[in-house]
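Asks: Following this message is one structure expressed as structure tokens.
None of the figures in this text is laboratory data; all of them are computed from the coordinates on show. Keep in mind it's a predicted model, so treat the numbers as computed, not measured. Glycine also receives a Cβ, built like all others from the backbone with ideal geometry; neighbour counts cover every protein chain displayed.
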Amino acid sequence: MLFKRDDTPAETFPVTKSDAEWRASLSPEAFRVLRQHGTERPGTSPLNAEKRPGTFACAGCGTALFDAAAKYESGTGWPSFFAPLEGAVAEKTDRSFFMTRTEVHCARCGGHLGHVFPDGPAPTGLRYCMNGVSLAFRPKDG
Ligand SMILES: [Zn+2]
């Protein structure tokens, strides 16, 4: 049985690929963030400025994760949302870097998306701080 570093049993996901398969289907930066829990440099994602209606999907498996209506300007330099689509993401306690944070990943492929913090706006009070490279924006048709 495999254990992650916080001693919770490894999750299983509907979409599973080997590292080699992910590496072949993702950009190097997306692979680093999604599959190796990396963090993109703040302010580098073109999705920071994305304000059209639409859906933000997982860059790994294409699952819709966030509605553009839940996006807001957090000033952090990362795309930020106050709520995910229902059931789209899963969370895990992350104790790396001497902090306790809540890690957020895609519920379908396990790809690392970012973290959620309790300092967001109404109505949830949550800030889903996402790596733009983990997301793919799909504008709403028409
Ligand atoms: Zn995914």
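Asks: Only loop residues by DSSP count here, and only those with at most 11 other Cβ atoms within 10 Å; note down the GluC sites (Glu not before Pro) in region 25-119 that meet that.
Replies: Of the GluC sites (Glu not before Pro), the ones in loops of region 25-119 whose Cβ has at most 11 other Cβ atoms within 10 Å are GLU73, GLU86.
Asks: Give me the mean projected area, in nm² to one decimal, of the convex hull enclosing the Cα positions of region 54-142.
Replies: 6.0
Asks: Given R₀ = 22 Å, what would the calculated FRET efficiency be for GLU86 paired with HIS37, taking r from the Cβ atoms and rounding to 0.05?
Replies: Result of the calculation: an efficiency of 0.35.
Asks: Just to check I understand the Karplus step: with θ = phi - 60° and J = 6.51 cos²θ - 1.76 cosθ + 1.60, what whole-Hz values come out for region 109-114, glycine and proline as x?
Replies: 10, x, x, 5, 10, x
Asks: Can you figure out the FRET efficiency of THR93 with ASP119, using R₀ = 25 Å and their beta-carbon distance, to the nearest 0.05?
Replies: For R0 = 25 Å, the calculated efficiency reads 0.90.
Asks: List the trypsin sites (Lys or Arg not before Pro) within region 31-89 that fall in a DSSP loop (any state other than H, G, I, E or B) and whose Cβ has at most 16 other Cβ atoms within 10 Å.
Replies: Taking region 31-89 and a limit of 16 other Cβ atoms within 10 Å, the loop trypsin sites (Lys or Arg not before Pro) found are LYS51.
Asks: Separate question: Quick one: if the Förster radius is 35 Å, what FRET efficiency do THR100 and ASP19 give, using the C-beta to C-beta distance and rounding to 0.05?
Replies: Plugging the Cβ-Cβ distance into 1/(1 + (r/R0)^6) gives 0.80.
Asks: Would you kindly derive the ³J(HN,Hα) couplings of region 55-69 from the backbone phi angles with the Karplus curve 6.51 cos²θ - 1.76 cosθ + 1.60 (θ = phi - 60°), listing them in order in whole Hz, with x for Gly and Pro?
Replies: 10, 9, 10, 5, 6, x, 10, x, 5, 5, 10, 9, 7, 4, 5
Asks: Related question: Highest mean first, what order results for 126-136, 107-117 on Cβ atoms within 10 Å?
Replies: Going by the mean number of other Cβ atoms within 10 Å, highest first, we get 126-136, 107-117.
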